[in-house]
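The values are calculated or read from the model by the stated rules, or taken from the named source; none is laboratory data. Here the structure is a predicted model, which means the values were calculated and not measured. Neighbour counts run over all protein chains shown; Cβ positions are idealised from the backbone, glycine included. When the accessible area is computed, the model is the full protein with side chains, heavy atoms only, and any ligands, DNA or RNA have been set aside. Shrake-Rupley method; radii C 1.70, N 1.55, O 1.52, S 1.80 Å.
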Amino acid sequence: MTNTNANRKSFFSRFAAIALLGGTAVIATAAARGIGKTSTAYAPIPVHTETEKIIGQEVAVLTDAPSVPAPITRDHATKVIVNLDVVEKKMRLADGVEYTMWTFGGSVPGKFIRVREGDLVELHLKNAASSTMPHNIDLHAVTGPGGGAKTSLTVPGQESIFTFTALNPGLFVYHCATAPVPMHMANGMYGMILVEPKEGLAKVDREFYVMQSEFYTKGDFGAKGLQDLDMEKGVEEKPTYVVFNGAVDALTGDKALKAKAGERVRIFVGDAGPNLTSSFHVIGEVFDNVYVEGGTVAQHNVQTTIIPAGGSTIVEFGVENPGDLILVDHSIFRAFNKGTLGMLKVEGKENKKIFAAVKGLGVAGE
Amino acid sequence: MLAAKLALVLSGMSVIPQGTYSPLYAAKGAERVAVRAFALDREPVTRGDFLEFVKKNPAWRRSVIGTRADKGYLEDWKGDLAAGDAKDLRKPVTSVSRSAAYAYCTAKGKRLPTPDEWEYAAAASETKRDASRERSFISRLISFYTKRSASKIAAVGGSAPNVYGVRDMHELVWEWTADPHAAHKGHGDHMYCASSAIGAADPSNYPAFMRATVRSTLNDKTTLRTLGFRCAANA
């Protein structure tokens, strides 16, 4: 009996802690149960009516993965013109394997967009005349109908324009939302937009853009030639490929990410899905900071972080020693058999205080 | 009656018998829509066919089209009457506006198929009148649609005819219908995001979604490099 009561109390305490984030109505309930005062941090729920003063105008510099546009140094909001060109083209999915990708900007994942909280973004979506399909864009950073999708359906050879104010800071996925949506996403139509908080992000030495996604092909993993979408595999959520940055080996060999020992690294990681949640992990590192789900709250000292489909995360860590750090989805069959492998090559001086091989097969001279 | 049918067949049309089909967005209680018998061109209208039309109807030549079509009108022709070599003339005509397609069919004593007629005839495979729920058929259409390339359009007549003797409804290009917006009427402006699946008769029919999306973007003046047409007639 006592035990039961204790359990119940503990349950309510936890419930209250969660509820505190939810708003005053729930807090009142919690208070009525005698949990305590509500003066501790609870998040306001702003309904924006005013926007920051817009000074000037610029054209956004967009980058292909794994590059990221330079940090924003402005201390004011501006009008940012984003030019995104939709291109349908055959691209490499793996060695000897091609796939007709539908892209934002000619690559998968699509161009990385970087703006500042408060910016007025004017998005120009152009669909190449050579396309066969209409396309649109839904940016998760947009407060508006369909995240922009409703007004941006664009036929081949034409352009759509809409504007939005970047109200919420964070790292957001964008994707094509033209029916049938799963097909447009399975064919490569996604990317990310970073809305930097007004105060900016902490200075680091390296920033990278990595996005995980799945491909569903008629042929097995590695089957050569031009591959078709296998809709059945998509519906069953059984991908043939799960990759970083649009292809097997997009982040290995010559294309590995590079850093030097002693540097601080930030990776903007997205998961386009279309189906799977990622258990993102870097073998040989611990994430010092993880901005969970690409939001504002930092978790620390994390081994593996979960990224929802259509979501993101920002991981930060210092690299202490030279060597190859391996990026994986720790749902490890995916990494081993479906392509979810990347590499961060760290060069520099060894720090044996942090790690030293003493005896074993891998020790030189043994 | 027989003579009339014979005339249609001789003019390159197939008679499609009456029947029903399952539209992507059906009204409640009307999951299958009845379609009356009609005649449909067995092949899409070719560049060669359209060249003959503009020779006789100068108003539809590129140089005088003006604001009656988008600027891409017949853009792959080298001039008003320069539609390409013998190979090009066998390709389906594309980059034509709906008004131009309408005028062409009218000049032939025909008309554009309604979306219901087009979809009904297009549901047929080589062996079945309604293959629209068959996985292998859906899969083939997805493959055709995604392999479609504005720069590599094949000649008409290269594919196997469907059960009605009609060819190339899926293999080559999108095709105009009489009322491009009928197919998603009642679905309002929700042809985006996952909401387009709401009310869909068969959410697995991706080819039907693709056709509906293309149609939803068209107006009378639109021209696309992968959009052509064929004509229909009453049977």
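Points to keep in mind about this one:
- A Förster radius of 30 Å combined with the Cβ-Cβ distance from B:Lys147 to B:Ala86 puts the calculated FRET efficiency at roughly 0.80.
- Converting phi to 3J(HN,Hα) with the Karplus coefficients 6.51, -1.76 and 1.60 and the offset θ = phi - 60°, region A:138-150 yields 10, 9, 5, 7, 8, 9, x, x, x, x, x, 5, 4 Hz in sequence order, with x at every glycine or proline.
- Each label was represented as a point 7 Å from its Cα along the Cα-to-Cβ direction; for A:Lys260 and B:Thr67 these points are 6.3 nm apart.
- Total accessible surface hidden between A and B, rounded to 100 Å², 1.4 Å probe: 2500
- Members of B:Lys55/B:Lys221; A:Lys111/B:Lys91; A:Lys89/B:Lys128 lying beyond 24 Å, as alpha-carbon distances in this model show: A:Lys111/B:Lys91; A:Lys89/B:Lys128
- Among A:Ile354, A:Ile81, the order of accessible area from largest down is A:Ile354, A:Ile81, computed with a 1.4 Å probe on protein heavy atoms.
- Distance (nanometres) between label positions extended 7 Å along Cα→Cβ at A:Ala202 and A:Ala356: 2.9
- To put it simply, the accessible area of region A:236-324 at a 1.4 Å probe is 48 percent carbon and sulfur.
- Two-decimal Rg/Rh across region A:256-317, once Rg and the Kirkwood Rh are taken from alpha-carbon atoms: 0.97
- Using the alpha-carbon positions of region A:88-162, Rg (one decimal) and Dmax (whole number) come out as 14.1, 45 Å.
- Stokes-Einstein D for region A:119-176, Kirkwood Rh over Cα pairs, 20 °C, 1.002 mPa s (µm²/s): 183
- Dipole of region A:34-173, positive direction: furthest Cα of A:Gly144, A:Pro109, A:Pro156, with charges on the beta-carbon: A:Gly144
- Binned Cα-Cα distance frequencies in chain B - 10 Å width, integer %: 8, 33, 37, 19, 4, 0
- From the C-alpha gyration tensor of region B:71-124, square roots of 5λ in Å: 25, 14, 11
- DSSP-defined antiparallel bridges as percent of all bridges, region A:280-366, nearest 5: 100
- For region A:132-240, the equivalent ellipsoid derived from the alpha-carbon gyration tensor has semi-axes of 29, 21, 12 Å in decreasing order.
- Under a Gaussian network description of chain A, with springs only between Cα atoms under 10 Å, the residue in A:Val248, A:Val173, A:Val47 that fluctuates furthest is A:Val47.
- For chain A, radius of gyration divided by Kirkwood radius, i.e. Rg to Rh on alpha-carbons: 1.02
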